[in-house]
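Everything below concerns the one structure shown next.
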Amino acid sequence: MKKLEVRKNAYYDSVTLMTISKEVKKLDGVREALVGMGTDLNRDLVVSTGLKTDEFDAVTSNDFFIAAECESEEVFDAVVKKVDELLTKKSEKSKSDYFPPTLDGALRIEPDINVAIISVPGRFAAGVAQDCLNHGVNVMLFSDNVTLEEEKALKEYAVSKELLMMGPDCGTAMINGVPLAFANVIRHGDIGMVSASGTGSQEVSTIIDQLGCGISQMLGTGGRDLKKDIGGLMMKQCLDALIHDDETKIITLVSKPPAAEVAAEILKQAAEGGKPTVVCFIGGDPKLIEQYGLIPAVSLEDAAHKAVALSRGQTPVVFDSFDMGRENAEKFAKQETDKMAPGQKYVRGLYTGGTICDEAMKLMIGDLGHIYSNIPLSPEDRLENARKGPSKQDTFLDFGDDEFTVGRPHPMIDPSLRAERVVDEAKDPEVAIIQVDCVIGYGSHPDPAADLSDSIRQARELAQAEGRYLSVVATICGTDADPQGKAASRKKLEDAGAIVLPSNAQATRFTQLMLKNLRG
Amino acid sequence: MQEAKGGPRTRIADSEVRVMQEAFGVCETMMRCFESGARELKVHSVFDRAMNFSSDCGMITLLSPDRCLMPFSVLLREFADFRALSRGRSFRIDKSGIAVDGRTEIGFETAVRTDLHLPETAFSGAFEKQPALDALRSFLKDHTDRGLTELVFDGRQSVYARFLAPRLERLRQAAKESDESLIAAAYDVAGCGEGLTPSSDDLLCGYLLCASLARGRDAAQKAAYRASQRTNDISASLLRRAGDGLFSQDALSLIDCLSRGGPAGETQAAIARVAAFGSSSGCDFLTGLYFGILDFTKGKEAM
């Protein structure tokens, strides 16, 4: 049955119209639907797609219409209800939001504001951050596309005023127990963290929580802070804050390996600070750290274990095994690889978190030699056209990298591209293992495990239909107290057939065991 | 976490809270219309981040500070609550600002006046055609799910792309023939697609931009004005402004970058900024620009 709904002289912004169009087409019982403004050609299109009704002649170019072919009146009633719901939802949402028009305005309402999270287009970001610093407000700059020169100037100014300038591209922090942006629900404790990476902080803090300890403060610096150009200005400022924070007894530093001269300055400052400090320069040289009397970590998970040991007054030891024990892990890995078909030999890592993708590659590169990626460890291993092109041999992709996020939300918010890729990779007969992360917590997708488990199920069925066995290894970065819940997320992934390991490092080691079986 | 409180978002013409603000930027061509005196404005349509007035010099748009300046628009310095306005409400605009009941709501005194005319020398001199096409194509390849972008790659997935593909072919063929053919073919393309501004109108804006440089303003203007008769008020206004050679600041920055063969990073950023406009409008404009560059420009071919 063909039906028409018209809103005379009604103008809705394009984003709303597109959302309505997509949602209406998804409703059960809707066979075809066109949504748009009643212009001549759109009207012609309604006619040519067979959706025209008698009332359609009265539609004008300034009217918004929904023409649909539905199975019944009830279905069309549901369409109209859905449209109203989407339009109302949008207006209610707008009405309840509080948008202080300016920083001055916000400070007039709340004079005690002392931290601002800034998320604006990159070209405005430095100006907004400077404005906040001018008002004595600490900054967490979520935005990217700020130049190095701007970053340096902002950080120098912040240091001169003893303020924090976390970022640009700082996605995670927790100050006085309040999680900011992408963060998890973590116990309060005595371990203070400074990190130059978002999911690196999340991985360490969630494992600390899992082990029963907690965080005093978790500060971010932005990924470029430890480059020579910036000189670690904010890492030093944050480190100083933790050294002088009474609640912080143990300090953990997380970043990619810094420029040598910057590393030396930071390690010296940490050593002189007098608090036990664990340093995880992911993939970096532990000897340099030991020279300063600090404790190096071999992985993000190891950093968490060592910080927890120190917090409990124990001697930290390297953790590079499995919660289930190495022997069990080896047996389990063999069970998996025994089911695989000849020719299955490669791993595809599909990550929404950049730092944990990088960590997995660094833990594995010694065994594999080459890992192709959009964030390669060596320039020669760069995978060109990673978004649209095929993977190659052992490939790890960071879906949060620019190539995948232009015009799209970050994959931790919208993991759909990654989900599609999981299914695509299963079509390659040489693929044996797909390794994935699932980052939960504030700011992330409301249920990333559901989306991921659907694609895992499809991928495994696809392989099975072609006589292959696909092993999917997953890790969840999050806690049980997170809105999505770690246990609930784990159940969804396991129900879909994934093997869920307690950390990214363990997931990677498990994949290594399987690859060893496959390649001898 | 502290609960958000209801606060004073700047409201325009609200009886309780009246916060006058200075505009950040204004369209120079629009300002010239007020040299002969004030004009009456009526609220035409309101959105979250923009609103339109109708006036005898065409549609005039108020934009939130996160948007780029558009033809005949006023870029605000602070976010405003446009939803407080009812349709048909009267305002007055002159060179000093926008007023209601004799009180200025938005002042223009310190606003930056920007000429949004397309330079007639665009796509000449150092312009290299192939790199420009490559840059656009490379970006659009990752956005084939938006509007009519798939037409660049001969895609016909959406019902709109299937419907418009033969008409676009005719437009491109007509462009090689005469001004009259171009005008007629543009009319046949206008007003088709999802969105407030139907995708084909945005595509036409990009295509006619190049036509105006190659064939002169007159033909492009006639084509745009004729096409504007076939679409809704808001889209018609954009088409007519494009016919007059007026484009958004982001579009002009992109044209400038392509014209002088700017560095790849700058080009991609400029393309991405244009693409960010609307839901698919930006990508549709880029699609039109791509075909326009292909059909109308000469430029140095890549070595």
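Being within 19 Å of the chain's Cα centre (by Cα) and aliphatic (A, V, I, L, M) narrows it down to one of B:V189, B:V152, so name that one.
Details: B:V152 fails: within 19 Å of the chain's Cα centre (by Cα).
Exactly one of B:V189, B:V152 is within 19 Å of the chain's Cα centre (by Cα) and aliphatic (A, V, I, L, M), namely B:V189.
Considering each of A:A432, A:A419 in turn, give the residue that is away from chain B (no Cβ under 14 Å) and under 24 Å from A:T479 (Cα atoms).
On the way: A:A432 fails: under 24 Å from A:T479 (Cα atoms).
That would be A:A419, the only listed residue that is away from chain B (no Cβ under 14 Å) and under 24 Å from A:T479 (Cα atoms).
Is it true that A:V194 is assigned by TED's automatic domain parsing to the domain that holds A:L310, crowded, with 24+ Cβ neighbours inside 10 Å and in a strand (DSSP E or B)?
yes
Got at least one residue in the range A:122-132 being surrounded by fewer than 24 Cβ atoms within 10 Å (Cβ to Cβ), at negative phi, within 21 Å of the chain's Cα centre (by Cα) and free of Cβ contacts under 8 Å to residues at least 60 places away in the same chain?
yes
I'd like to check which helices (runs of 4 or more DSSP H) are fully inside the range A:323-418 and have at least 2 residues that are surrounded by 15 or more Cβ atoms within 10 Å (Cβ to Cβ) and either at pLDDT below 95 or under 17 Å from the mean Cα position of the chain (by Cα) (or both).
Ranges flagged: A:354-368, A:402-405.
Which of the numbered conditions does B:D233 fail, given that it passes all the others? Conditions: (1) out of contact with any His (no Cβ under 9 Å at 6 or more places or on another chain); (2) within 12 Å of chain A (Cβ to nearest Cβ).
If we test B:D233 against (1) out of contact with any His (no Cβ under 9 Å at 6 or more places or on another chain); (2) within 12 Å of chain A (Cβ to nearest Cβ), just (1) comes out false.
Quick check on this structure: which one of B:K176, B:K222 is touching a residue at least 60 places away in the same chain (Cβ under 8 Å) and among the charged types (D, E, K, R)?
B:K176
One residue is enough: does the range A:449-472 have a residue meeting the conditions in contact with a Cys (Cβ under 6 Å, 6 or more places away or on another chain) and surrounded by 24 or more Cβ atoms within 10 Å (Cβ to Cβ)? Working first, answer last.
Step one: filter the range A:449-472 for residues in contact with a Cys (Cβ under 6 Å, 6 or more places away or on another chain), giving A:449, A:452.
Next, only the ones that are surrounded by 24 or more Cβ atoms within 10 Å (Cβ to Cβ) stay: A:449, A:452.
There is at least one residue in the range A:449-472 that is in contact with a Cys (Cβ under 6 Å, 6 or more places away or on another chain) and surrounded by 24 or more Cβ atoms within 10 Å (Cβ to Cβ).
Of the conditions (1) more than 24 Å from B:S279 (Cβ to Cβ); (2) in contact (Cβ under 8 Å) with a residue 40 or more places away in the chain, B:S96 clears all except one; give me its number.
Result: B:S96 fails condition (2) only.
Listed here are the residues, each with its yes/no results for (1) touching a strand residue (DSSP E or B) at 6+ places or on another chain (Cβ under 6 Å); (2) surrounded by 18 or more Cβ atoms within 10 Å (Cβ to Cβ); (3) of a type outside the set (A, V, I, L, M, F, W, C); (4) closer than 24 Å to B:N232 by Cα.
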| position | (1), (2), (3), (4) |
| --- | --- |
| A:Y11 | yes, yes, yes, yes |
| A:I20 | yes, yes, no, yes |
| A:R43 | no, yes, yes, yes |
| A:D57 | no, no, yes, yes |
| A:F65 | yes, yes, no, yes |
| A:K81 | no, no, yes, no |
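Starting from the range B:67-88, take each residue that is among the polar types (S, T, N, Q) and list its partners that are surrounded by 19 or more Cβ atoms within 10 Å (Cβ to Cβ), counting only C-beta distances under 6 angstrom and pairs at least six apart or across chains.
B:S73/B:C27; B:S73/B:T61; B:S73/B:L63
So which residues in the range B:186-231 are in a loop (DSSP other than H, G, I, E, B) and not hydroxyl-bearing (S, T, Y), if there are any at all?
First, the residues of the range B:186-231 that are in a loop (DSSP other than H, G, I, E, B): B:190-198, B:216, B:229-231.
Within the range B:186-231, B:A190, B:G191, B:C192, B:G193, B:E194, B:G195, B:L196, B:P198, B:G216, B:Q229, B:R230 meet the criteria.
For the range A:243-258, does any single residue satisfy the condition of being more than 18 Å from A:C170 (Cβ to Cβ), under 23 Å from the mean Cα position of the chain (by Cα) and not β-branched (V, I, T)? Lay out the reasoning, then the answer.
Applying the first criterion (more than 18 Å from A:C170 (Cβ to Cβ)) to the range A:243-258 yields A:243-251, A:257.
If we keep only those that are under 23 Å from the mean Cα position of the chain (by Cα) too, we end up with A:257.
From the residues that got through so far, the ones that are not β-branched (V, I, T) too are A:257.
Looking for residues that are more than 18 Å from A:C170 (Cβ to Cβ), under 23 Å from the mean Cα position of the chain (by Cα) and not β-branched (V, I, T), one finds at least one in the range A:243-258, hence yes.
Can you work out which of the residues in the range B:73-130 that are part of a strand (DSSP E or B) and acidic (D, E) is nearest to B:H44 (Cα to Cα)?
As a first pass, look at the range B:73-130 and keep what is part of a strand (DSSP E or B): B:73-76, B:80-81, B:90-94, B:97-100, B:103-107, B:112-114, B:117, B:128.
Checking which are acidic (D, E) leaves us with B:81, B:94, B:105, B:128.
On the way: B:D81: 15, B:D94: 18, B:E105: 18, B:E128: 42 Å.
For the range B:73-130, the residue satisfying everything is B:D81.
Just name the residue that is surrounded by the most Cβ atoms within 10 Å (Cβ to Cβ) out of those in the range A:174-191 that are of a type outside the set (V, I, T), within 14 Å of another protein chain (Cβ to nearest Cβ) and more than 16 Å from A:D245 (Cβ to Cβ).
Within the range A:174-191, the first condition is being of a type outside the set (V, I, T), and the residues that meet it are A:174, A:176-177, A:179-184, A:187-190.
Filter again for within 14 Å of another protein chain (Cβ to nearest Cβ), leaving A:174, A:176-177, A:179-181, A:183.
Filter once more, so that each one left must be more than 16 Å from A:D245 (Cβ to Cβ): A:179-181, A:183.
On the way: A:P179: 21, A:L180: 21, A:A181: 20, A:A183: 26.
Ranking the qualifying residues of the range A:174-191, first place goes to A:A183.
Any residue that is outside any loop (DSSP other than H, G, I, E, B), within 12 Å of chain A (Cβ to nearest Cβ), more than 25 Å from B:H117 (Cβ to Cβ) and of a type in the set (G, A, S) - is there at least one of those in the range B:158-181?
Among the residues of the range B:158-181, at least one is outside any loop (DSSP other than H, G, I, E, B), within 12 Å of chain A (Cβ to nearest Cβ), more than 25 Å from B:H117 (Cβ to Cβ) and of a type in the set (G, A, S), which makes the answer yes.
The values are calculated or read from the model by the stated rules, or taken from the named source; none is laboratory data. Every value quoted in this text rests on a predicted model; they were computed, and no experiment measured them. Cβ coordinates were reconstructed from backbone atoms using ideal geometry, including for glycine residues, and neighbour counts include every protein chain displayed.
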